[in-house]
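The values are calculated or read from the model by the stated rules, or taken from the named source; none is laboratory data. Remember, it's a predicted structure, so these values are computed and weren't measured experimentally. When we count neighbours, we look across all protein chains shown, and the Cβ atoms used for this are built from the backbone with ideal geometry, even at glycine.
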Amino acid sequence: MNWKDQIQEHYRKKEIKEQGYTRDQIDSFYADAVLPAFEEIKKLLSQFVSNVSIKKYTYKATFRFEESEMYKSVFRVEVSLRGSGVAFPFQLNDTYVFGARVKADRLDALDKDFIIFQFIEFFKIRERHIADLKLAKQ
């Protein structure tokens, strides 16, 4: 293969890699995994906290709730537009954290239980943050 072919082949492969997820794959991921997980969490969490809300956008979904110790808790699931994975950023009051990032060749490999697991990881961090705030006030 000559040098011109090598350069062309490089960019052909790069274009294939950067095509990302299809809109149908993204829609299915939110419909089959993210939103059912959020609804299940909401059903339980609504017993303990206030103003639980779920919002779905094109490439992300948010789960938000409030309680006395933490006026704003927001957990997000965001699909990478390049098709390289899913991010789980979150917000605690005025602090925004990038959270976990998971590489996934296929979105259908990430199911409802995986989304719940990521939420629980966020919830543990949130609880530690609340404990730190209480210690700081003493």
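Worth a mention:
- Residues located in region 60-70, provided they are at pLDDT 90 or above and either hydroxyl-bearing (Ser, Thr, Tyr) or surrounded by fewer than 18 Cβ atoms within 10 Å (Cβ to Cβ) (or both): 60, 62, 64, 66, 67
- Only a single criterion out of (1) under 23 Å from residue 121 (Cβ atoms); (2) in contact (Cβ under 8 Å) with a residue 60 or more places away in the chain; (3) over 14 Å from the mean Cα position of the chain (by Cα) is not satisfied by residue 25, namely (1).
Residue-wise test of (1) out of contact with any Ser or Thr (no Cβ under 9 Å at 6 or more places or on another chain); (2) part of a helix (DSSP H, G or I); (3) under 27 Å from residue 23 (Cα atoms).
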{"position": "55", "(1), (2), (3)": "no, no, yes"}
{"position": "58", "(1), (2), (3)": "yes, no, yes"}
{"position": "91", "(1), (2), (3)": "no, no, yes"}
{"position": "96", "(1), (2), (3)": "yes, no, no"}
{"position": "108", "(1), (2), (3)": "no, yes, yes"}
{"position": "125", "(1), (2), (3)": "yes, yes, no"}
{"position": "136", "(1), (2), (3)": "yes, yes, no"}
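- Residues in region 28-37 that are over 14 Å from residue 64 (Cα atoms) and either free of Cβ contacts under 8 Å to residues at least 60 places away in the same chain or touching a Cys at 6+ places or on another chain (Cβ under 9 Å) (or both): 30, 31.
- Among the residues making up region 38-83, those that are in contact (Cβ under 8 Å) with a residue 40 or more places away in the chain and either hydroxyl-bearing (Ser, Thr, Tyr) or under 18 Å from residue 112 (Cα atoms) (or both) are 38, 40, 41, 63, 73, 75, 77, 79, 80.
- The residues on offer are 78, 121, and the sole one that is part of a strand (DSSP E or B) and modelled with pLDDT of 90 or more is 78.
- Residue in region 92-99 that is modelled with pLDDT of 95 or more and more than 23 Å from residue 134 (Cα to Cα) present: no
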